[in-house]
Amino acid sequence: MRLLALLEYAAMVIGIIAVIAGQYFGLPKGVHLGLATIGAGIALGGLEGLFTRSMPFRASDDAHEAYAGAPAMIVGLMGLLIGAALIGSAYLLSDGQWHATLQYLKARPAPFLIVAGVFLAAVGTLMMLNPQGRRGLAWLLLLYIPRSLIGLALVLAALAAIGLGAWERLDPAAFDRFVSTLPKEFRAPF
């Protein structure tokens with residue numbers, strides 16, 4: 001087993017144990033520490049994917065070699081975003097700012113929309129990639145084309161979310177007017 005993968009998994013397992021123990025024994029700081037440790041393990045895997053350009057969270061050096069390069073960097077970016085979100089959540093919970101931050105994001109959702117858009121774009125791009133996959137007409141028609149179309153739809157939705165987030169950040173009043181014209185079921189998170 002690779003040492004870096006061992007550290008990533010160990011941080012996540014220790015963090016999960018800390019969250020469970022903190023919840024069981026009524027220690028909120030243990031839950032916060034556990035969340036931060038899980039986030040650190042995931043962020044470490046994300047950094048590994050970005051810097052080494054090989055798939056993170058793999059136990060051996062020869063695993064997932066077909067996904068080296070751009071797919072590994074995309075997975076690394078996603079891991080870094082998730083790890084940073086967990087570390088940030090742990091900090092906000094520890095500092096007592098969690099509810100205030102959620103209320104702010106509910107009123108001004110630009111940061112959430114932009115980060116969600118980046119995450120959706122990464123998932124959509126991964127769906128459109130086919131590193132050294134199987135070949136043939138059946139695979140093309142039944143798997144690759146539908147998967148690529150769904151990936152393209154996700155990338156377009158991601159661009160829309162990023163655009164909405166930028167619009168909300170630059171002109172909040174116009175964004176609020178737009179949201180007020182939407183049917184109630186579409187504006188629930190805002």
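Hey, can you tell me all the residues within segment 102-111 that are farther than 14 Å from Ala84 by Cβ and surrounded by 11 or more Cβ atoms within 10 Å (Cβ to Cβ)?
Listed by number, the residues that qualify are Leu102, Tyr104, Leu105, Lys106, Arg108, Pro109, Ala110.
Do you know which residues across segment 137-187 are surrounded by 12 or more Cβ atoms within 10 Å (Cβ to Cβ), acidic (Asp, Glu) and out of contact with any Leu (no Cβ under 8 Å at 6 or more places or on another chain)?
Matches in segment 137-187: Asp171, Asp176.
Do we find that Ala107 is of a type in the set (A, V, I, L, M, F, W, C) and in contact with a helix residue (DSSP H, G or I) (Cβ under 6 Å, 6 or more places away or on another chain) in this structure?
no
Quick check: anything in segment 87-103 touching a Leu at 6+ places or on another chain (Cβ under 6 Å), at pLDDT 95 or above, of a type in the set (A, V, I, L, M) and assigned by TED's automatic domain parsing to the domain that holds Pro56?
yes
Each row is one residue, and each column tells you yes or no for (1) over 25 Å from the mean Cα position of the chain (by Cα); (2) farther than 23 Å from Ala68 by Cβ; (3) aromatic (Phe, Trp, Tyr); (4) in a helix (DSSP H, G or I).
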residue	(1), (2), (3), (4)
Leu113	no, yes, no, yes
Phe119	no, no, yes, yes
Val123	no, no, no, yes
Arg134	yes, no, no, no
Leu152	no, yes, no, yes
Val155	no, no, no, yes
Gly163	no, yes, no, yes
Glu168	no, yes, no, yes
Arg177	yes, yes, no, yes
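Could we say that Tyr144 is farther than 24 Å from Pro172 by Cβ, of a type in the set (Phe, Trp, Tyr) and not assigned by TED's automatic domain parsing to the domain that holds Gly163 here?
Answer is no for this residue.
A quick yes/no check of all residues on (1) under 23 Å from Leu129 (Cβ atoms); (2) among the aromatic types (Phe, Trp, Tyr); (3) in contact with a Ser or Thr (Cβ under 7 Å, 6 or more places away or on another chain):
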position	(1), (2), (3)
Leu3	no, no, no
Leu6	no, no, no
Ala11	no, no, yes
Gly26	no, no, no
Gly30	no, no, no
Ile38	no, no, no
Phe51	yes, yes, no
Arg58	yes, no, no
Gly69	yes, no, no
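Which numbered condition trips up Gly41, out of (1) free of Cβ contacts under 8 Å to residues at least 40 places away in the same chain; (2) assigned to a helix (DSSP H, G or I)?
Among (1) free of Cβ contacts under 8 Å to residues at least 40 places away in the same chain; (2) assigned to a helix (DSSP H, G or I), the lone unmet condition for Gly41 is (1).
What pairs come out if I take residues in segment 9-21 that are in the same structural domain as Ala59 (by TED's automatic domain parsing) and pair them with residues that are surrounded by fewer than 16 Cβ atoms within 10 Å (Cβ to Cβ) whose C-beta lies under 8 Å away, six or more apart or interchain?
Cβ pairs passing all conditions: Ala21/Leu27.
Taking the stated definitions as given, is Ala84 in contact (Cβ under 8 Å) with a residue 12 or more places away in the chain, in a helix (DSSP H, G or I) and out of contact with any Ser or Thr (no Cβ under 8 Å at 6 or more places or on another chain)?
Yes, satisfied.
The values are calculated or read from the model by the stated rules, or taken from the named source; none is laboratory data. Small disclaimer: the values here were computed from a predicted structure and weren't measured. So basically every Cβ, Gly included, is an ideal-geometry build from the backbone, and we count neighbours across all protein chains shown.
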